[in-house]
Amino acid sequence: AFQLWESGGGSVQIGGSLTFPCVSIESGYTSHVMAWFRQLPWELREDVATIYAGGYYLYYVDSVKGRFTISENRAKHTVFLQMDNLKTEGTGVYYCAFHRYGGRWCLSRETAGRYFHWGKGTQVTVSA
């Protein structure tokens, strides 16, 4: 039923690292965009990392710059989120999102309403 599948996640100590993939069942979209969002209950679902145009355009929310890395294996229809030096504010449910047509609109924090294809989410908990 889901068009995107995230895996990984889990619990990690402050300063630790996690990397997990998101696989899309879509194929043949040259100019697609894939993104990772983070959300806590009753909080805004925010875009934390986005990759568009084969990696020419990358977006990171300010709080993760220098610590998170988004990358893509287009042949395997997979986007990866590498999270290093995790902090407590990294806690949340991470959702992978896909849009067939990327653009400048996707390179900002509050873009969740633009996406129609989502994974089910994976929980990340960062603690001391």
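The values are calculated or read from the model by the stated rules, or taken from the named source; none is laboratory data. Remember, predicted model here, so these are calculated numbers, not experimental data. Don't worry about glycine lacking a Cβ; one is built from the backbone with ideal geometry, like all the others, and counts go over all protein chains shown. Accessible surface areas use protein heavy atoms only, side chains included; no ligands, DNA or RNA. Shrake-Rupley method; radii C 1.70, N 1.55, O 1.52, S 1.80 Å.
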Among the residues of the stretch 54-103, count how many are among the charged types (D, E, K, R) and either touching a helix residue (DSSP H, G or I) at 6+ places or on another chain (Cβ under 7 Å) or at pLDDT below 95 (or both).
5
Every pair of residues 6+ apart whose Cβ atoms lie under 8 Å, when the first sits in the stretch 58-77 and is touching a residue at least 40 places away in the same chain (Cβ under 8 Å) while the second is crowded, with 16+ Cβ neighbours inside 10 Å and among the charged types (D, E, K, R)
Tyr59/Asp47; Val61/Glu46; Val61/Asp47; Val61/Arg109
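Hey, among Arg45, Arg74, which residue is touching a strand residue (DSSP E or B) at 6+ places or on another chain (Cβ under 8 Å) and of a type in the set (Lys, Arg)? Step through it out loud before you land on a result.
Details: Arg74 fails: touching a strand residue (DSSP E or B) at 6+ places or on another chain (Cβ under 8 Å).
After ruling out the rest, the residue left standing is Arg45.
How many residues, within the stretch 107-120, are under 21 Å from His77 (Cα atoms) and either among the hydroxyl-bearing types (Ser, Thr, Tyr) or open to solvent by less than 20 Å² (accessible area, probe 1.4 Å) (or both)?
The first filter runs over the stretch 107-120 and keeps only residues under 21 Å from His77 (Cα atoms), leaving 107, 112, 114-120.
Narrowing further to those that are either among the hydroxyl-bearing types (Ser, Thr, Tyr) or open to solvent by less than 20 Å² (accessible area, probe 1.4 Å) (or both): 115, 119.
Total meeting the criteria: 2.
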Within the set of pairs 6 or more residues apart or between chains, which connect a residue that is of a type outside the set (Lys, Arg) inside the stretch 105-128 to a residue that is assigned to a helix (DSSP H, G or I) and open to solvent by 70 Å² or more (accessible area, probe 1.4 Å) with Cβ atoms less than 6 Å apart?
Val126/Thr88
Identify, by number, the condition in (1) assigned to a loop (DSSP other than H, G, I, E, B); (2) over 13 Å from the mean Cα position of the chain (by Cα); (3) within 18 Å of Trp5 (Cα to Cα) that Lys120 doesn't meet.
(2)
Filtering the stretch 78-106 down to residues that are open to solvent by less than 40 Å² (accessible area, probe 1.4 Å) and in a loop (DSSP other than H, G, I, E, B) yields Leu86, Thr91, Gly102, Gly103
Considering the stretch 54-70 alone, what residues qualify as being under 19 Å from Gly102 (Cα atoms), in contact with a strand residue (DSSP E or B) (Cβ under 8 Å, 6 or more places away or on another chain), open to solvent by 20 Å² or more (accessible area, probe 1.4 Å) and not in a strand (DSSP E or B)?
Gly54, Gly55
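Closer than 28 Å to Ala128 by Cα and surrounded by fewer than 19 Cβ atoms within 10 Å (Cβ to Cβ), is that true of Ser31?
no
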Does the stretch 23-42 contain any residue that is closer than 17 Å to Thr125 by Cα and without any contact (Cβ under 8 Å) to a residue 24 or more places away in the chain?
yes
Counting only residues that are at pLDDT below 90 and among the hydrophobic types (A, V, I, L, M, F, W, C), which one in the stretch 2-42 is farthest from His99 (Cα to Cα)?
Trp42
For the structure I just gave you, tell me whether Gly16 is within 13 Å of Gln123 (Cα to Cα), surrounded by fewer than 21 Cβ atoms within 10 Å (Cβ to Cβ) and of a type outside the set (Val, Ile, Thr).
no
